[in-house]
Amino acid sequence: MQSSFNHCNVPPWIIASRHFNDNPQPLELQGVRSANRFLFAKLDTIDSADERGCVFNDYMSVKFQLHHWQDQHTDKARKSLKNSYLRFLRGWMMDANSVEGAVLKGWVESRIGIHPTFHKAPIGDVQSEAYFGYAVDRMKGSERTNAINSQLDLLYEYCQYELDRRFPGERWVTLYRGTCDADDYAVVEVVGKREKIIRFNNLVSFTSVEERAWEFGSTVWEIRAPLVKIFFFNDLLPNSILKGEGEYLVIGGEYLVRRVMCTI
């Protein structure tokens, strides 16, 4: 499912297509880079990725007043500021079907225009009971923090900035996903004996380490993910909660997957 609108420079049905993955183009969220141009100008002067990450974290803390959470007068206000973008990334790591997971899927739906296809249950359309349950979780999660979608906007733009700095000239990265329920995924097309076009959820976890993917299921798929569809990756921030896991959070849609043969 794709929306008829989004908040970036490419229509959602194009972003979600397999053809976009073959010929990716930059995705720009409306107004985010220009509104935070002083941050990116500062980052341009810093050679160390860890130092850039510290500057980004400090900027987020000040911009969204995340460091003032203890000064608020009510419990609700304190929780709203304390539960920053980092809380939602941790929540996703614990359970992608959590309240935090619903908020991240909601960001993709709002900004990119791709609806989720699963949250605790398959989501057929926006009129379904499963979609209603997802919307309730998304609302509960959004209440917990201050301008979470704006925080995630800036996180995505920073991620894209860092990918450009670290992998100049690169357009794709090879990633892996292990699963125990391969037959439950939506197959768009069977391409070959080991290759299919799969429609993934609007936000999906992958790993850059093939061996780790086998820890998550008896089937491992390999994809070539456009860097412009990477929302977050394990080494993006210093002392990252995902550091060492090879974890990538990828905007979904249709992907060509190749089943990896187990060599053990």
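Annotations
- Shape of segment 185-264, Cα gyration tensor, a/c cut at 1.5: oblate
- Rounded to the nearest 20 debye, dipole of the chain from Cβ charges on Lys, Arg, Asp, Glu: 300
- Surface calculation, 1.4 Å probe, protein heavy atoms: C262 sits at approximately 70 Å² accessible.
- Segment 97-132 and segment 139-178 have Cα centres separated by 18 Å.
- Computed from backbone phi, the HN-Hα couplings of segment 39-49 come to 4, 5, 5, 5, 4, 4, 8, 10, 7, 7, 5 Hz, rounded to whole numbers (Karplus: 6.51 cos²θ - 1.76 cosθ + 1.60, θ = phi - 60°; Gly and Pro given as x).
- Flagged links, alpha-carbon separation over 26 Å, of K120/K196; K140/K196; K105/K193; K120/K140; K63/K140: K140/K196; K105/K193
- Among S61, S17, S128: highest mean-square fluctuation, GNM of the chain, C-alpha pairs under 10 Å: S128
- Largest mean-square fluctuation among V62, V103, V228, in a Gaussian network model of the chain whose springs join Cα atoms under 10 Å apart, belongs to V62.
- Within the shell of other residues whose beta carbon sits under 12 angstrom from the beta carbon of E170, the net charge comes to +3, with Lys and Arg scored +1 and Asp and Glu -1.
- Counting only aspartates and glutamates at least 8 places from K229 when in the same chain, those with an alpha carbon closer than 16 Å to its own are D22, E28, E109, D153, E157, E162, D164, E170, E247, E254.
- Ordering of 18-30, 187-199 by burial proxy (mean other Cβ atoms within 10 Å per residue, highest first): 18-30, 187-199
- Cα principal axis extents for the chain, largest first, Å: 58, 45, 38
- Net charge of Cβ neighbours under 10 Å - reference S205; Lys, Arg +1; Asp, Glu -1: -1
The values are calculated or read from the model by the stated rules, or taken from the named source; none is laboratory data. Please read these numbers as outputs of a predicted model, since none were measured by experiment. We place every Cβ from the backbone using ideal geometry, glycine too, and count neighbours over all the protein chains shown. All accessible areas refer to the heavy atoms of the entire protein, side chains included, with ligands and DNA or RNA removed. Shrake-Rupley method; radii C 1.70, N 1.55, O 1.52, S 1.80 Å.
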